[in-house]
Amino acid sequence: MAVDPVGAFIDYPVAHLPGPGPLNGLTLAVKDLFDVVGLPTGGGHPLRRQTSGNKTANAHAVETLLGAGARLIGKTHTDEFAYSMNGENPHYGTPVNPRAPGRIPGGSSSGSAVAVAAGLADMALGTDTGGSIRLPAAYCGLIGLRTTHGAIDMTGVQPLARSFDTVGWFARDMATYRQIAALMLPPQPRVPITRFSFVPDIAAFVVGDVETRETERMVAQLGRVIERGPDVTMAPHGFEVRRQVFRTIQAYEVWQDHGPWIEANQPRLGDGVRERLEWAATVSPADYEAAQARRERLAAEVAALVPP
């Protein structure tokens, strides 16, 4: 990327001639967790970049968009190993949030979000394990969502936690976002929403007074246009239980994928990521198995609230 006033892009040399297709004329940025032919995959760390080697195949998601005519303009910054949601990187700096200069852009898909928000790219690929598409999209004023786990092939994407990793993307407008969705997501039957069940304890999943009030306001609006079903209790165990289950599974899987490399190379790490990785190294297989079993029970409870 020749001009990058917001620090979104990594200094990889990229020269790509787009082919024909529905995305011809649109520019694409790619988070540096995705393999791109001829480039390393650094995963937010310069030593990982150095030891990666240049890739010989594109990640499935990259190949899909390039095959549809998108023009690749560069790879974008991410938090170290994608193991943070701030968008800060001690090695490369923090991309500038174009919508709120002086505030963090959110992570870990920070560079991708910033590139699109700044108008440097029409679309950008990222990943979402625990919010890494949703948070930067919210912070940078973009469209972005977490796709269903397993809906998009993760081949060629550096993992964080395989039980939760998903591919996502950013766009500034809905038309572009839907174009990408049509290419990336498998076709699904359209199921109309006819009613919803209100969750009185939904505030257990919301952090902050403003967020709580906004959630209540939106639920009230829905109640005026959609038939309201019976009230249900969504969080009998509370948000903290779910958070701990997620953190345990995530940490164990992070260490399984990255622990051997970290132990062999002893990379310099930012404080937050270093602390999380040190804890991840202590999570035992028994801890992991117990968390997965608890996750299955929690998922079954939610599934019982939404009958087919």
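A few notes on this one:
- Checking Pro98 against (1) in contact with a Leu (Cβ under 6 Å, 6 or more places away or on another chain); (2) part of a loop (DSSP other than H, G, I, E, B), the condition it does not meet: (1)
- Among the residues of the stretch 185-233, just one is in contact with a helix residue (DSSP H, G or I) (Cβ under 6 Å, 6 or more places away or on another chain), assigned to a loop (DSSP other than H, G, I, E, B) and at pLDDT below 65, namely Val232.
- Some residue of the stretch 82-89 being charged (D, E, K, R) and over 30 Å from Gln250 (Cα atoms): no
- If you go through the stretch 260-280 and keep only what is in a helix (DSSP H, G or I), more than 21 Å from the chain's Cα centre (by Cα) and of a type outside the set (Asp, Glu), you end up with Pro260, Trp261, Ile262, Ala264, Asn265, Trp279.
- Lone unmet requirement of (1) under 14 Å from the mean Cα position of the chain (by Cα); (2) more than 25 Å from Lys55 (Cβ to Cβ) for Thr76: (2)
- Checked against (1) surrounded by fewer than 22 Cβ atoms within 10 Å (Cβ to Cβ); (2) part of a helix (DSSP H, G or I); (3) within 16 Å of the chain's Cα centre (by Cα), Ala137 passes all but condition (1).
- Entry remark, the stretch 1-48: residues being part of a helix (DSSP H, G or I) and either of a type in the set (Gly, Ala, Ser) or over 28 Å from Gly102 (Cβ atoms) (or both) number 2 in total.
- From Glu289, Glu240, Glu301, residue being modelled with pLDDT of 95 or more, part of a helix (DSSP H, G or I) and either of a type in the set (Asp, Glu) or exposed (fewer than 11 other Cβ atoms within 10 Å of the Cβ) (or both): Glu289
- Looking only at the stretch 32-62, and only at residues there that are of a type in the set (A, V, I, L, M) and in contact (Cβ under 8 Å) with a residue 24 or more places away in the chain, the one that is surrounded by the fewest Cβ atoms within 10 Å (Cβ to Cβ): Ala57
- Sole residue being surrounded by fewer than 24 Cβ atoms within 10 Å (Cβ to Cβ) and either within 19 Å of the chain's Cα centre (by Cα) or assigned to a loop (DSSP other than H, G, I, E, B) (or both), chosen from Ser112, Ser108, Ser84: Ser84
The values are calculated or read from the model by the stated rules, or taken from the named source; none is laboratory data. These numbers come from a predicted model, not from an experiment. Glycine also receives a Cβ, built like all others from the backbone with ideal geometry; neighbour counts cover every protein chain displayed.
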